[in-house]
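S.K.: My questions will all concern the structure given below.
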Amino acid sequence: MQSATPHPDLVRSQQAPARALVLGIGNVLWADEGFGVRAVETLHERFALPDSVSLMDGGTQGLVLLADVTDRSHVLVFDAIDFGDAPGTLRVLRDRAVPAWAGAKMSLHQQSFMELLAIADLQGRFPPHLALIGVQPERLTDFGGSLSPCVAARLAEAVECAVDVLRGWGFDGQRRTAPPAERLNDRALQRAAYEAGRPPPEAACRIGDARFLNLRQALASNAGQKAA
């Protein structure tokens, strides 16, 4: 009897040395959209991980991350996901359950990441081990804002979940006793500096770029005048 051909993902995971990628995706400019980035930053600040584990702020790069994702045997993603849960609720999804949430897109970066997973699958390069740690956002329309309190309060738990997932994959992290020598991001993008540098509401529009909004209002007003 002829044996079944193993799935390409399984063959690849058995042949290549285990390497993991921890990826934070999202947009720090839009409040809870930045959860993924803040979570991977917090993980970097609190835990030292083996050289076989890479941490990355994926931001909103989407398909640009294809090579980074498909080159790893294990991929862990932090992101804000609309599960329909109470704000601040954490969920951990694994493997094929991750792209199943493609219908819960809140932004273009999520659409791009789901497309990335679809392309990886078509190429036979879907991550053999994939996990998503997602949080239900509360606030997404505060331009320039940081995380809402209920989401920020789950960062520590999300990081502990990540450490547990990595440990289960064979990547043990050690809690740091001193700050890391290198930052994951530019200092200006770090959460503390970002929040301290935010201008007051009267100086910065909270719902978008005031220049664009004012232009849109002017165009609408002109159109109304012409119609009259």
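S.K.: Could you tell me, in Å, what Rg and Dmax come out for the Cα atoms of the stretch 8-196?
M.R.: In Å, with Rg to one decimal and Dmax whole: 15.6, 49.
S.K.: If we count every other residue with Cβ under 9 angstrom of Ala80's Cβ, Lys/Arg +1 and Asp/Glu -1, where does the sum land?
M.R.: Details: positive: none; negative: Asp32, Glu33, Asp79, Asp82.
The answer is -4.
S.K.: Can you tell me the FRET efficiency between Arg19 and Arg187 if r is taken as the Cβ-Cβ distance and R0 is 25 Å, rounded to the nearest 0.05? Mind showing how you got there, number by number?
M.R.: Values: r = 28 Å, r/R0 = 1.12.
Rounded to the nearest 0.05, the efficiency is 0.35.
S.K.: For the ranges 177-183, 78-84, what's the packing order if you count other beta-carbon atoms within 10 Å of each residue, average per peptide, and put the highest first? Working shown, then result.
M.R.: Values: 177-183: 8.4, 78-84: 21.1.
My ranking of the peptides, most packed first, is 78-84, 177-183.
S.K.: OK, next. Once label points are set 7 Å from the Cα along Cα→Cβ at both Ala118 and Phe143, what is their separation, rounded to one decimal in nm?
M.R.: It works out to 3.0 nm between the two label points.
Bear in mind these aren't lab numbers, they're just calculated from the coordinates by the rules spelled out. Source: prediction; values computed, not measured. FYI the Cβ positions are ideal-geometry reconstructions off the backbone, even for glycines, and counts take in every protein chain you see.
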